[in-house]
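Notes follow the structure.
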Amino acid sequence: MKCRVVSCFALAMSIGFWAVPAPGGEPKGADARKEAIKKELEKLEGRWKVVSREVKRTTTPAEEVKDVQLTVKGDKWTMTHSRGVDKAIMKIDPAQEPKTIDFTFTSLGAMGNTYKLPAGRKLVSRGIYKLVYSEGDGETLTVCRVDQPRVARPKEFKTTDSAGVLFVFKRESK
C-alpha cells in the first residue's frame, strides 16, 4: 500500500511539474516572439521622410508630403506635418507574411489642428509593412493600412478605390 501511495505521489508531482510554467510565467515560444518583436521595433526606430503617399488609388502631390516626417521610438509612431501631429501606438507581428502592423491613434493632426481623441475612444488602423535595404539607396519602409473598421487588412501594398493609405518612407537617421 505504501508503495502505491508513493507511486501516485510521484506521478502527481511529475504531472504538476510539467503543467507549471517556467519562471517568468510564459512558455519559451512566447519569449522568442517577444524578442523578435523587440528586435523588429529596434530596426524601425529612427527618423523617416515621406517619399510618397497614396490614398484610395490617388497619389498625393509631392509638394504636400515634402515636409512630412515620421519618428519611431519603441512602439511609438509620431508623424509631424503642416496640419499637426499624428501619434499612435504600434503593434507589429514580424512573423506574419506580409508583416502586420496595427496603429492605435492617440491624436490626429490630419483633422486640422492636432485633434486629441476623446477619453475611451480609439481609432485603430490595420496594415502591413516591409523594411527593405538596398545598397546605395538606404532603407525604405513601406506601410499600407486601412482605417475603416469593416475593411479587411490589406494583403498587398496597394490601395483600392474605397480604402487604404500607402506610405513609402526613406530613413533619415537612426
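For residues that are more than 13 Å from the chain's Cα centre (by Cα) and within 22 Å of F157 (Cβ to Cβ), scanning just segment 72-107, find the one that is surrounded by the most Cβ atoms within 10 Å (Cβ to Cβ).
D86
Of everything in segment 37-57, what is without any contact (Cβ under 8 Å) to a residue 60 or more places away in the chain, surrounded by fewer than 16 Cβ atoms within 10 Å (Cβ to Cβ) and under 26 Å from D137 (Cβ atoms)? Give them in sequence order.
K39, E42
When segment 124-152 is examined, which residues are found to be more than 14 Å from the chain's Cα centre (by Cα) and either part of a strand (DSSP E or B) or loosely packed, with under 11 Cβ neighbours inside 10 Å (or both)?
V132, Y133, S134, E135, G136, D137, G138, E139, T140, P149, R150, A152
Is it the case, given these coordinates, that E42 is under 16 Å from K130 (Cα atoms), assigned to a helix (DSSP H, G or I) and acidic (D, E)?
Working: under 16 Å from K130 (Cα atoms): yes; assigned to a helix (DSSP H, G or I): yes; acidic (D, E): yes.
Yes.
Here is a check on your reading of the model: is E35 assigned by TED's automatic domain parsing to the domain that holds K122 and either modelled with pLDDT under 90 or assigned to a helix (DSSP H, G or I) (or both)?
When the stated conditions are applied, E35 does not pass them.
With the structure loaded, tell me whether K155 is modelled with pLDDT of 95 or more and surrounded by fewer than 11 Cβ atoms within 10 Å (Cβ to Cβ) or whether it fails that test. Explain how you work it out, then say what you get.
Numbers: modelled with pLDDT of 95 or more: yes; surrounded by fewer than 11 Cβ atoms within 10 Å (Cβ to Cβ): yes.
Yes: the conditions hold for K155.
Counting just the residues of segment 45-81 that are basic (K, R) and assigned to a strand (DSSP E or B), which one comes out nearest to F169 (Cα to Cα)? Even if it seems obvious, please write down each step before you answer.
Keep residues of segment 45-81 that are basic (K, R), which gives 47, 49, 53, 56-57, 66, 73, 76.
In the following step, the residues that additionally are assigned to a strand (DSSP E or B) were identified as 47, 49, 53, 73, 76.
Numbers: R47: 9, K49: 5, R53: 9, K73: 15, K76: 16 Å.
So the residue we want is K49.
From the list V6, V20, V55, pick out the single residue that is in the same structural domain as Y129 (by TED's automatic domain parsing) and either modelled with pLDDT under 95 or out of contact with any helix residue (DSSP H, G or I) (no Cβ under 9 Å at 6 or more places or on another chain) (or both).
Details: V6 fails: in the same structural domain as Y129 (by TED's automatic domain parsing); V20 fails: in the same structural domain as Y129 (by TED's automatic domain parsing).
Checking each option against the conditions leaves just V55.
Quick check: is even one residue across segment 75-87 over 21 Å from V55 (Cα atoms) and either in the same structural domain as A32 (by TED's automatic domain parsing) or modelled with pLDDT under 95 (or both)?
In the first step, residues of segment 75-87 are kept if they are over 21 Å from V55 (Cα atoms); the result is 75-76.
This time we only want the ones that are either in the same structural domain as A32 (by TED's automatic domain parsing) or modelled with pLDDT under 95 (or both), so: none.
No - not one qualifying residue is present in segment 75-87.
The values are calculated or read from the model by the stated rules, or taken from the named source; none is laboratory data. All values reported here derive from a predicted model rather than from experimental measurement. As a convention, Cβ positions derive from the backbone with ideal geometry for all residues, glycine included, and neighbour counts pool all protein chains shown.
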